[in-house]
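Asks: I have a structure I would like to understand better, so I am pasting it below and will then ask my questions one at a time.
The values are calculated or read from the model by the stated rules, or taken from the named source; none is laboratory data. Quick caveat, the model's predicted, so the values are computed rather than measured. All Cβ positions, even for glycine, are placed from backbone atoms using ideal geometry, and neighbour counts span all protein chains on display. These area figures cover heavy atoms from the full protein model, side chains too; ligands, DNA and RNA do not enter into them. Shrake-Rupley method; radii C 1.70, N 1.55, O 1.52, S 1.80 Å.
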Amino acid sequence: MSYDYDKIDVPEAGEQITVGDDNELVVPENPIIPIIHGDGIGTDVGPAAQKVLDAAAEATGRNIEWLRLYAGSSAREKYDENLPEDTVEAIKQFKVAIKGPLTTPVGAGFRSLNVALRQKLDLYANVRPTYHLDGVPSPVKAPEKMDMVTFRENTEDVYAGIEWEAGTDEVQQVKEFVEDEMGATGVIHDGPVGIGVKPITEFGTKRLVREAIDYAIENERGSVTLVHKGNIMKFTEGAFRDWGYEVAEEEYGEDVITEDELWEEYDGEAPEGTLVVKDRIADNMLQQLLTRTDEYDVIATMNLNGDYMSDAAGAQIGGLGIAPGANYGETRCLAEPVHGSAPKYAGEDKVNPTAMILSGREMFEYMGWKDAGQLIRDAVEKAISEGFVTYDLERQIEGGTKLATSEFADKVVENIEELA
Ligand code: NAP
């Protein structure tokens, strides 16, 4: 171990996940896995998910040694800072980790810890699966039609954090540069202005699209859709589309065809084992999610589009309490639910831990523990379809049994033991 941890104790039992010569993860049966419970409701959903993940590991003959890490308010108490080096270094060392939500006060002068973590760890793909669990109430008629995984680029776009505040010398310099040197006159209104820069690189695009295509091929998905607003932002979003097609065409040969080829050469029926790559403009895509849901499998998109789209897709399959996520880097995974820290419910043992539990399932799948992942999904689905639910779902269904966060986790554990 090269890093000298300051305030955390690495468990003596358990082994480290490593990377083999083929650049694949080598996962022992008793891995050390870091966990950050997080802020707000993180203190409710974190321990609940841990209990379920332990049960699924045990039921499949494995054992997890947890390593508690700190970020956000828990880190401020322990380290007097928001994101200690201990936390970043431990995730780098142990490769696979899970976290709860972290609070980012609006305009309060500190950067989003989530964005900082993703950037420091170069977790370039934010992966958000949206699939429907039997029994989950949904605002749409046929929620089971949705079975999609969104790969959202994590390090670029307007979230890259390159922006300047109104009234500063810096923003004035940028404004003058844009107007005087770059010729964009008559565009920025007079008076106070904030300016942000939206970088989209070939490198960032290609590694994201590659990750999405690899995932689609490995999981026998039918298509990857590049979602962009290239009709308006030609050199950023349009470039994303073009570089995305380039990866598909240059690196995957006959395994991948474009949508044009699908219709011109195959009359709309893709040959067995062939992946179709297509693209959609972001605003159209948001309505297609509702109107032609089952035509979409894997989505690859930039940061802001991906944020909007995956929340909208999440609503179709039951809302934020359900929606899991994970961030992938090069042989690195940090799983996390899509939802935030919902401070008004913090510590009430009330909210739905499903999103955090299913994020654990994503982590298990990344580790190759697909059997344990499936067990978690089945156990959660059984609980919900039998009407054992937390407040958010109970208010939408007839005759459900309202459970606390911890009670719901216990129910899922019971189901895991029964189904194993
Ligand atoms: P939020 O925390 O996701 O909560 C918004 C609403 O979603 C809640 O009031 C609740 O709705 C519902 N909800 C969220 N999680 C739920 C759960 N587990 N079970 C049941 N319902 C749930 O969004 P926010 O209020 O916009 O953000 C709060 C803070 O979280 C902000 O500081 C934000 O920056 C941060 N955040 C962090 C992350 C992250 O760490 N990755 C992600 C998003 C936001 P009802 O009240 O209608 O029941």
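Asks: Being charged (D, E, K, R), within 16 Å of the ligand (Cβ to nearest atom), surrounded by fewer than 20 Cβ atoms within 10 Å (Cβ to Cβ) and assigned to a helix (DSSP H, G or I) narrows it down to one residue among 294, 307; which is it?
Replies: 307
Let's see how each residue does on (1) touching a His at 6+ places or on another chain (Cβ under 8 Å); (2) aliphatic (A, V, I, L, M); (3) touching a residue at least 12 places away in the same chain (Cβ under 8 Å); (4) within 24 Å of residue 357 (Cα to Cα):
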{"residue": "88", "(1), (2), (3), (4)": "no, yes, yes, yes"}
{"residue": "91", "(1), (2), (3), (4)": "no, yes, yes, yes"}
{"residue": "101", "(1), (2), (3), (4)": "yes, no, yes, yes"}
{"residue": "112", "(1), (2), (3), (4)": "no, no, no, yes"}
{"residue": "116", "(1), (2), (3), (4)": "no, yes, yes, yes"}
{"residue": "131", "(1), (2), (3), (4)": "no, no, yes, yes"}
{"residue": "138", "(1), (2), (3), (4)": "yes, no, yes, yes"}
{"residue": "144", "(1), (2), (3), (4)": "yes, no, yes, yes"}
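Asks: While we're here: Identify the residue in the range 360-397 that is open to solvent by less than 40 Å² (accessible area, probe 1.4 Å), under 22 Å from residue 26 (Cα atoms) and touching a Gly at 6+ places or on another chain (Cβ under 6 Å) and, among all such residues, is farthest from the ligand (Cβ to nearest atom).
Replies: Filtering the range 360-397 for residues that are open to solvent by less than 40 Å² (accessible area, probe 1.4 Å), under 22 Å from residue 26 (Cα atoms) and touching a Gly at 6+ places or on another chain (Cβ under 6 Å), the one farthest from the ligand (Cβ to nearest atom) comes out as 364.
Asks: Also, quick follow-up: Could you tell me whether the range 131-141 includes any residue that is out of contact with any helix residue (DSSP H, G or I) (no Cβ under 6 Å at 6 or more places or on another chain), aliphatic (A, V, I, L, M) and under 25 Å from residue 227 (Cα atoms)?
Replies: Within the range 131-141, none of the residues are out of contact with any helix residue (DSSP H, G or I) (no Cβ under 6 Å at 6 or more places or on another chain), aliphatic (A, V, I, L, M) and under 25 Å from residue 227 (Cα atoms).
Asks: Please enumerate the residues belonging to the range 71-81 that are crowded, with 23+ Cβ neighbours inside 10 Å and either away from the ligand (no atom under 16 Å from the Cβ) or over 20 Å from residue 349 (Cβ atoms) (or both).
Replies: Passing the criteria: only 71.
Asks: Still on this model: Hey, can you tell me all the residues within the range 20-53 that are more than 11 Å from the ligand (Cβ to nearest atom) and among the β-branched types (Val, Ile, Thr)?
Replies: Listed by number, the residues that qualify are 26, 27, 32, 33, 35, 43, 52.
Asks: Let me ask another. Please indicate, with yes or no, whether at least one residue in the range 235-249 is within 16 Å of residue 151 (Cβ to Cβ), basic (Lys, Arg) and modelled with pLDDT of 95 or more. Break it down stepwise before answering.
Replies: Keep residues of the range 235-249 that are within 16 Å of residue 151 (Cβ to Cβ), which gives 237, 240-241, 243-245, 247-248.
Checking which are basic (Lys, Arg) leaves us with 241.
After this cut, where a residue has to be modelled with pLDDT of 95 or more as well, the list is 241.
Scanning the range 235-249 turns up at least one residue that is within 16 Å of residue 151 (Cβ to Cβ), basic (Lys, Arg) and modelled with pLDDT of 95 or more.
Asks: A further question follows. Which ones in the range 195-241 are in contact (Cβ under 8 Å) with a residue 12 or more places away in the chain, open to solvent by 60 Å² or more (accessible area, probe 1.4 Å) and assigned to a helix (DSSP H, G or I)?
Replies: Correct list: 202, 210, 217, 241.
Asks: Taking into account only those residues within the range 26-50 that are open to solvent by 40 Å² or more (accessible area, probe 1.4 Å) and more than 15 Å from residue 64 (Cβ to Cβ), which is farthest from the chain's Cα centre (by Cα)? Show your work before the answer.
Replies: Just the residues of the range 26-50 that are open to solvent by 40 Å² or more (accessible area, probe 1.4 Å), to begin with: 26, 29-30, 43, 47.
From the residues that got through so far, the ones that are more than 15 Å from residue 64 (Cβ to Cβ) too are 26, 43.
Values: 26: 23, 43: 20 Å.
Step by step, filter the range 26-50, then rank; the result is 26.
Asks: Cβ-Cβ under 8 Å, sequence separation 6+ or interchain: first residue in the range 175-192 and touching a residue at least 24 places away in the same chain (Cβ under 8 Å), partner assigned to a loop (DSSP other than H, G, I, E, B). Which pairs?
Replies: From residues that are touching a residue at least 24 places away in the same chain (Cβ under 8 Å), the pairs are 192/166; 192/167.
Asks: Could you check the range 160-175 and list, in sequence order, the residues that are outside any loop (DSSP other than H, G, I, E, B), modelled with pLDDT of 95 or more and open to solvent by 60 Å² or more (accessible area, probe 1.4 Å)?
Replies: Correct list: 164, 169, 170, 172, 173.
Asks: Every residue in the range 361-377 that is under 15 Å from residue 59 (Cα atoms) and part of a helix (DSSP H, G or I), please. Walk me through it before giving the result.
Replies: Here is the first cut: in the range 361-377, the ones under 15 Å from residue 59 (Cα atoms) are 361, 364, 369-377.
Residues satisfying the conditions are 361, 364, 370, 371, 372, 373, 374, 375, 376, 377.
Asks: With away from the ligand (no atom under 15 Å from the Cβ) and among the small types (Gly, Ala, Ser) as the only criterion, which of 314, 329, 319 stands out?
Replies: Numbers: 314 fails: away from the ligand (no atom under 15 Å from the Cβ); 319 fails: away from the ligand (no atom under 15 Å from the Cβ).
Answer to the check: 329.
Asks: Now for a separate question. Only one of (1) over 21 Å from residue 119 (Cα atoms); (2) open to solvent by 20 Å² or more (accessible area, probe 1.4 Å) is not met by residue 332, so which one is it?
Replies: Status for residue 332: all satisfied but (1).
Asks: Counting only residues that are assigned to a loop (DSSP other than H, G, I, E, B) and away from the ligand (no atom under 16 Å from the Cβ), which one in the range 85-123 is surrounded by the most Cβ atoms within 10 Å (Cβ to Cβ)? I'd like the intermediate steps shown before the answer.
Replies: Quick first cut of the range 85-123, residues assigned to a loop (DSSP other than H, G, I, E, B) only: 95, 100-112, 121-123.
Retained after the next criterion (residues that are away from the ligand (no atom under 16 Å from the Cβ)): 95, 122.
On the way: 95: 24, 122: 14.
Restricting to residues being assigned to a loop (DSSP other than H, G, I, E, B) and away from the ligand (no atom under 16 Å from the Cβ), the top hit is 95.
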